[in-house]
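Encoded as C-alpha cells, the structure appears first; notes follow it.
Computed from the coordinates by the stated procedures, all read-outs in this text should not be read as laboratory data. Model, not experiment: these values are computed from the prediction. When we count neighbours, we look across all protein chains shown, and the Cβ atoms used for this are built from the backbone with ideal geometry, even at glycine.
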Amino acid sequence: MDLTTLGSGCFWCTEAVYQQLKGVETVVSGYSGGQLENPTYEQVTTGKTGHAEVCQIQFEPEQISFADMLEVFFSTHDPTTLNRQGDDVGTQYRSVIFYHSEVQREIAERVKKEFDESDTWKNPIVTEIVPYKKFYLAEDYHQNYFRNNPNQGYCQLVIAPKLKKFEKVFKLKLT
C-alpha cells in the first residue's frame, strides 16, 4: 500500500471522487499543512490555522499509480485558482499535494508540469507541492459525507455534478 495526502478544495468532494477509484483502499478527510495541533473544523474554516482541507488516501500502486492518482487530482478541481474552489474561498481550500517521499515529489512535479503545458487549463497551475508533515483526522460527521448525505443541498448542487463529470471521464478506472 501507498499513501498520499491531497487538498483540492472541499474535502467532501475529494473524498467522493477518490472513493470510486479502483485500487483505492481508504479515503479519510482531515487537515494538513498548518501550525495548530489537533485543529477543529471551526478553527480551520477561519483560515487562520494554515491547514488545508485534505484527504489522506491509501492506495494499491499495482492497481493505480501515483501519477494516475494525480491525473484525477488535476482533472477534478481547478488547480489554477489560488486559495479558492468555486464558492469556497480561503487558504483552507488551496490546491496542494503533500508528498510522502522524494519519488512522490518528483512525480508530482512532473505531472503538474505536464498539465501546465497542456491545454487543460487556460491559466497557470498554482498547486503547492510540499512535504507531508502531519495529518489530523476531521470530525466523524465529515467522513463519508457524500455517501451519508446524498440529498443534502451541497451534495446535490456541487458534489453530484462533479461526480457525474468524473465518472464519464474516468469510467475505466472506477470500481
The one condition in (1) at positive phi; (2) in contact with a strand residue (DSSP E or B) (Cβ under 7 Å, 6 or more places away or on another chain); (3) polar (S, T, N, Q) that Ser95 fails to fulfil: (1)
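Would it be correct to say that Thr175 is polar (S, T, N, Q), buried (at least 16 other Cβ atoms within 10 Å of the Cβ) and more than 17 Å from Gly30 (Cα to Cα)?
Details: polar (S, T, N, Q): yes; buried (at least 16 other Cβ atoms within 10 Å of the Cβ): no; more than 17 Å from Gly30 (Cα to Cα): yes.
No, not satisfied.
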List pairs: first residue in region 98-116 and within 16 Å of Ser8 (Cα to Cα), second residue part of a helix (DSSP H, G or I) and of a type outside the set (S, T, N, Q) anywhere in the structure, Cβ distance under 6 angstrom, at least six positions apart or on different chains. Tyr99/Arg105; Tyr99/Ala108; Val111/Ala67; Val111/Leu70; Phe115/Phe74
List the strands (runs of 3 or more DSSP E) inside region 1-73, counting only whole elements, that have at least 3 residues being in contact (Cβ under 8 Å) with a residue 24 or more places away in the chain and over 11 Å from the mean Cα position of the chain (by Cα). 24-32
Tell me the residue from Phe98, Phe115 that is buried (at least 19 other Cβ atoms within 10 Å of the Cβ), farther than 19 Å from Ile57 by Cα and either touching a helix residue (DSSP H, G or I) at 6+ places or on another chain (Cβ under 9 Å) or not small (Gly, Ala, Ser) (or both), please. Phe115
